[in-house]
Structure formats: C-alpha cells, structure tokens
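K.L.:
Got a structure for you, questions after.
The values are calculated or read from the model by the stated rules, or taken from the named source; none is laboratory data. Bear in mind the structure is a predicted one, so any value in this text is a computation, not a measurement. Glycine also receives a Cβ, built like all others from the backbone with ideal geometry; neighbour counts cover every protein chain displayed. These accessible areas exclude ligands, DNA and RNA; they are computed on the full protein's heavy atoms, side chains included. Shrake-Rupley method; radii C 1.70, N 1.55, O 1.52, S 1.80 Å.
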Amino acid sequence: MSDLVLKPPPIQDSRHKLVLASGSAIRRTLLENAGLTFSVLSSSVDEEPLKRAGRAEGAAPQTVALRLAEAKALSVSCADAFVIGADQMLSCKGDWYDKPADLNAARKQLLSLRGQTHTLHTAVVVCRNGQVLWQHVSEPNLTMRTFSDAFLEAYLAEEGEECLYSVGAYRIEGPGLHLFARMEGDQTAILGLPLLPLLEGLREMGVLFS
Ligand SMILES: Nc1nc2c(ncn2[C@@H]2O[C@H](COP(=O)(O)OP(=O)(O)OP(=O)(O)O)[C@@H](O)[C@H]2O)c(=O)[nH]1
C-alpha cells in the first residue's frame, strides 16, 4: 500500500485574484519570493502632479506616498481582484528626492545625501472594485557614509544605469550597500514593499490563509 501523499494546504486562497499594479522589478520579485500567485498590471499614473500638489499644500511625504500608492492601485481595473499599489518617497532634511534622470543627477543626489540620514516613506495600498481596503506606510531611516568622491565615481561606474530605477540612486541588494553606515527598519520596506505588514493585511482580507 503506497503511502498516501497529502497535498500541503495552500497559503493563498485561489478564489481571490491578486494583482500588483507596479512596474517595479524588485516589488515583483519580493512577492514571487514570498510564494504568492499574482498578475502584474502596471499603472499609468502620472506621479508628478500629485507630488507637486502635495508639496504645495505642505503635505507630509508619507501622505503623498499613500496618495500615489492609492492612485496606482485604483488606476488598474480588474473586477473583484485585490490590487496592490505602492509608492516610495525619499526625504532628507525637508528635501524630497525622486529617481534620478541620469547618472549626473544620481551623482548630485548622492553627494547631497552623503553623510546624512534620509527616510524612505514606503506606502502600500490594497484596493478592490474601486475601494481602498487596506493601507500601510513604513519609514525606514538610512544613514550614508561620508564616502570619498573617488568612491562615488567607482560606485557610479560599477552600478551604471541600474541606479536610475531606484528613488535613492542605489540598490541595497547590490553595490549600493557600500554607501551606507547604518540602516534602521524593514529591509523589504527599503526595497519598496513592506512585505510583513502586507502579508498580514492580505490575511486580514482573506486573500491568504492564517
Ligand atoms: N532594486 C532596488 N530598488 C529600490 C531600492 N530602493 C528603492 N527602490 C525602488 O525605487 C522605486 C521607487 O519608485 P516608485 O515610484 O515607488 O515605483 P516605480 O519604480 O516607479 O514603480 P511603480 O510602482 O510602477 O510606480 C521602486 O521601484 C523601488 O522598488 C533598492 O534598494 N533596491
């Protein structure tokens, strides 16, 4: 009599469709590595007007990040699906930073962050049928070394255009780690998707089993 091999229970309720409304490769990787089944539908939200409006009204960066994450999730139409939207803002001494346009902008940005502590305001929102069901913001603080100009040039030569896809002009899972003296906070939040809070939220919504 062959031993009956019982299929292990799933971690995700397959009756619910899960969508990631993001073009971010690392966000997709984080969900894949967590073993989730989902589809990717990039949002077409123009972030600039929302950022400008938030700045003009004196909103906090975390508030703007939440608005952007919500706008991205709501911009994707997929009936009954649980849609994840995320956004990350970087602030340092009251200044806000965006993904650098080119390597010169990356150099300038890193020189202004050198030796300073900056905050990544990382928001994630889950929407369904046009309603916000859940939201969260993580705000890790990262302190850069007072690296030399020569180091910075070596870093930019090594990292190249890869650093242009990240709000801080670095990838902590790559050469960007060498920029830092200290990091406080959840590593997945630094990467762009606060995973433990999101998984808990998906369990609360019944998308994942507890
Ligand atoms: N690989 C990597 N990406 C990072 C890191 N820190 C921040 N990022 C990325 O920086 C980007 C921040 O820009 P956002 O506007 O939030 O997102 P996006 O890349 O434009 O993608 P969308 O969700 O489609 O808007 C995200 O893709 C983050 O994943 C890091 O250390 N490593």
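K.L.:
Can you work out the FRET efficiency for the pair M183 and Q131, with r the C-beta to C-beta distance and R0 = 45 Å, to the nearest 0.05?
P.N.:
0.85
K.L.:
Evaluate the relative contact order of the chain (contact order divided by residue number), counting alpha-carbon pairs under 8 angstrom at least 6 apart; express in whole percent.
P.N.:
22 percent
K.L.:
Only Lys, Arg, Asp and Glu count, each charged at its Cβ (+1, +1, -1, -1), so figure out the dipole size of the chain about its Cα centre, rounded to 20 debye.
P.N.:
280 debye
K.L.:
Can you compute the FRET efficiency between L164 and T37 using 1/(1 + (r/R0)^6), with r the Cβ-Cβ distance and R0 = 41 Å? Round to the nearest 0.05.
P.N.:
It comes to 0.85.
K.L.:
Sticking with this structure for a sec: Based solely on its DSSP helices, what 222 nm [θ] is calculated for the chain when runs of n ≥ 4 H residues each add -39,500 (n - 2.57) and the sum is averaged over all residues, nearest 500 deg cm²/dmol?
P.N.:
-10000 deg cm²/dmol
K.L.:
Would you report the distance distribution of C-alpha pairs in segment 38-118 as whole percents per 5 angstrom bin, up to the bin with the largest distance?
P.N.:
Reading the bins upward from 0: 3, 13, 21, 18, 17, 14, 8, 4, 1, 0.
K.L.:
Taking a cut-off of 27 Å between Cα atoms, list the lysines near K7, but don't count ones fewer than 8 places away on the same chain.
P.N.:
Output for K7: K17.
K.L.:
Now for a different question. Going by average Cβ density within 10 Å per residue, which order do the peptides 61-72, 87-98, 45-56, 155-166 take, highest to lowest?
P.N.:
With the highest mean Cβ count within 10 Å placed first, the list reads 61-72, 87-98, 155-166, 45-56.
K.L.:
To check my understanding: the extent here is largest minus smallest coordinate of the Cα atoms along each principal axis. What are those three numbers for the chain, in Å, largest first?
P.N.:
Ordered largest first, the chain gives principal extents of 68, 50, 26 Å.
K.L.:
Accessible area per residue, 1.4 Å probe, Å², for segment 83-205: what's the number?
P.N.:
44 Å²
K.L.:
Run the dipole for segment 68-111 about the Cα centre, Lys and Arg Cβ at +1, Asp and Glu Cβ at -1, nothing else charged, and hand back the magnitude in debye, nearest 20.
P.N.:
The calculation lands at about 280 debye.
K.L.:
So, one more: Anyone know which of N141, N129, N104 comes out most mobile in the 10 Å Cα GNM of the chain?
P.N.:
The residue that fluctuates most here is N104.
K.L.:
Just subtract the alpha-carbon distance of L111 and K17 from 0.36 nm times their residue separation and send over the number in nm, one decimal.
P.N.:
Here the answer is 29.5 nm.
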